[in-house]
Amino acid sequence: QRFKDTYWSRFQGLYFAGDGAKKDADGDIWLLGRVDDVMNVSGHRLSTTEIESALVSHPMVAEAAVVGASDETTGQAVVAFVILRAEYTDRVDEEGEGADVAATLRAHVAREIGPIAKPRTILVVTELPKTRSGKIMRRLLRDVAEHRPVGDVTTLADSSVMDLIASGLDKPAGEQ
């Protein structure tokens with residue numbers, strides 16, 4: 001009964017594995033990842049997938065990954081890693097600063113979801129840490145967001161990505 005309730009009750013007659021997807025206007029299907037990956041920000045349960053979707057819906061953003069980081073005030077805070085589309089990369093200067101980009105994206109998330117979902121920090125990166133199969137390694141992004149030593153990177157397709165992300169951590173694009 002528990003198996004039926006867990007996997008077969010959410011959508012009548014369909015198996016639900018816990019992964020989300022959306023179909024865009026062109027008919028393309030976008031895999032969004034786990035729908036049960038949530039953060040607790042000031043008592044509000046926020047889906048990382050929902051915030052990532054809001055970020056990617058902005059024309060500047062090509063790809064995004066969101067993680068929760070420990071926060072003394074709110075319990076957890078939203079930290080976003082975004083890859084900008086090529087035509088917008090000039091908005092981030094040589095030092096990696098892009099406060100206007102961060103402010104724009106934070107305001108966009110607030111409009112799409114609500115003010116509670118605004119990322120505390122937005123890091124503009126050139127790549128995200130992915131396995132050989134293309135899955136984003138959020139565990140490593142959490143380590144970066146919480147200023148911990150980065151864990152095992154042997155499963156990454158390109159382990160040098162973590163060095164690039166860590167080097168940009170000193171200059172986040174936006175923090176409140």
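The values are calculated or read from the model by the stated rules, or taken from the named source; none is laboratory data. All of these numbers come straight from a predicted model, not from anything done at the bench. Heads up, the Cβs are rebuilt from the backbone with ideal geometry, glycines too, and the neighbour counts pull from every protein chain shown. Note: accessible area is taken over every heavy atom of the protein model, side chains too, but ligands, DNA and RNA are not part of it. Shrake-Rupley method; radii C 1.70, N 1.55, O 1.52, S 1.80 Å.
What residue, among those in the range 122-135 that are modelled with pLDDT of 85 or more and over 11 Å from V82 (Cβ atoms), is surrounded by the most Cβ atoms within 10 Å (Cβ to Cβ)? Checked the range 122-135; the qualifying residue surrounded by the most Cβ atoms within 10 Å (Cβ to Cβ) is P129. Checking each residue in the range 125-152 for being in a loop (DSSP other than H, G, I, E, B) and either among the small types (G, A, S) or touching a Pro at 6+ places or on another chain (Cβ under 7 Å) (or both) picks out S133, G134, M137, G151. Restricted to strands (runs of 3 or more DSSP E) entirely inside the range 1-96, those with at least 1 residues that are at pLDDT below 85 and either over 19 Å from A117 (Cβ atoms) or open to solvent by 80 Å² or more (accessible area, probe 1.4 Å) (or both) are 19-23, 29-34, 44-47.
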